[in-house]
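Everything on this sheet refers to the single structure shown next.
Computed from the coordinates by the stated procedures, all read-outs in this text should not be read as laboratory data. Owing to the predicted nature of the structure, the values given are computational and were not obtained by experimental measurement. When we count neighbours, we look across all protein chains shown, and the Cβ atoms used for this are built from the backbone with ideal geometry, even at glycine.
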Amino acid sequence: MRHFTKPKNMGEIKNPDGVGQVGNPTCGDIMKVFIKVKKNKKGEEIIKDIKFQTFGCASAIASSSMLTEMAKGKTFEQAKEIKMKDIAEKLGGLPKLKLHCSAMASETLVKAMDDYKSKSKKARLDTVSRTKGEKIKCPHHT
Ligand code: FES
């Protein structure tokens with residue numbers, strides 16, 4: 001109830017590194033997760049900041065809020081392991097019929113991380129294609 005009435009990390013991140021959105025066709029609810037990413041000393045991506053927008057039921061809002069609390073500061077590998085049962089457990093349990101709300105939260109985060117990965121891959125490809133086939137001379141070292 002606390003995470004429903006006073007949700008944490010609700011809102012939008014300007015210029016996010018990744019965005020994930022999931023809609024549930026059965027109930028019509030929509031969840032969106034925004035992430036900011038940085039790398040740790042080992043070069044692993046970590047979730048530096050995370051926010052959510054949820055147009056849905058009380059369980060979906062509470063699940064999103066709990067998800068953001070659980071994911072902040074985690075590496076992608078650790079965040080991927082946050083499953084619906086973990087979120088529901090942290091919330092003190094959810095009715096069986098509402099478990100899909102927490103599943104939606106964990107799926108939305110995975111989508112945001114995938115979005116980040118596809119964007120950073122594209123950025124690398126763009127850099128490669130810009131110099132492909134050209135011999136670039138550095139004016140300071142010719
Ligand atoms: S009933 Fe749709 S997400 Fe909860």
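When the chain is treated as a GNM with alpha-carbon contacts under 10 Å, the residue of K42, K119, K80 showing the greatest mean-square fluctuation is K42. When the GluC sites (Glu not before Pro) in segment 25-87 are filtered for DSSP coil states and for at most 15 other beta-carbon atoms within 10 Å of their beta-carbon, the remaining sites are E44, E81.
For segment 82-121, what D do you get in µm² per second when you plug the Kirkwood radius from alpha-carbon pairs into Stokes-Einstein at 4 °C and 1.567 mPa s?
119
Per residue, the chain reaches -14000 deg cm²/dmol at 222 nm when only DSSP H runs of four or more residues are counted, each adding -39500 (n - 2.57). When the chain is treated as a GNM with alpha-carbon contacts under 10 Å, the residue of F34, F76, F55 showing the greatest mean-square fluctuation is F55. Placing one identical point scatterer on every Cα of the chain and ignoring solvent, what is log10 I(q)/I(0) from the Debye formula at q = 0.09, 0.14, 0.16, 0.18 Å⁻¹? Normalising to I(0) and taking log10 leaves -0.33, -0.64, -0.79, -0.95. What is the helix-to-structure angle for 99-131, meaning the angle in degrees between its Cα long axis and the longest Cα principal axis of the chain, kept from 0 to 90 and rounded to the nearest 10? Relative to the chain, helix 99-131 is tipped by roughly 10 degrees.
Projecting the Cα positions of V33, S65, I82 onto the charge dipole of segment 2-116 (unit charges on Cβ atoms of Lys, Arg, Asp and Glu, taken about the Cα centre) puts S65 furthest along the positive direction.
Within the chain, antiparallel bridges make up roughly 95 percent of the DSSP beta bridges whose residues both belong there.
Using 27 Å as the Cα-Cα cut-off, could you pick out the over-long pairs in K14/K111; K42/K98; K6/K48; K8/K38; K39/K119? Intermediate results must be reported in sequence, preceding the final value.
On the way: K14/K111 18 Å; K42/K98 38 Å; K6/K48 22 Å; K8/K38 21 Å; K39/K119 15 Å.
Listed pairs above 27 Å: K42/K98.
Straight-distance candidates among the aspartates and glutamates for linking to K74, with alpha-carbon spacing under 14 Å and chain neighbours fewer than 8 residues away dropped: E44, E45, D49. In the chain, the longest principal axis of the Cα atoms and the axis of helix 58-71 are about 40 degrees apart.
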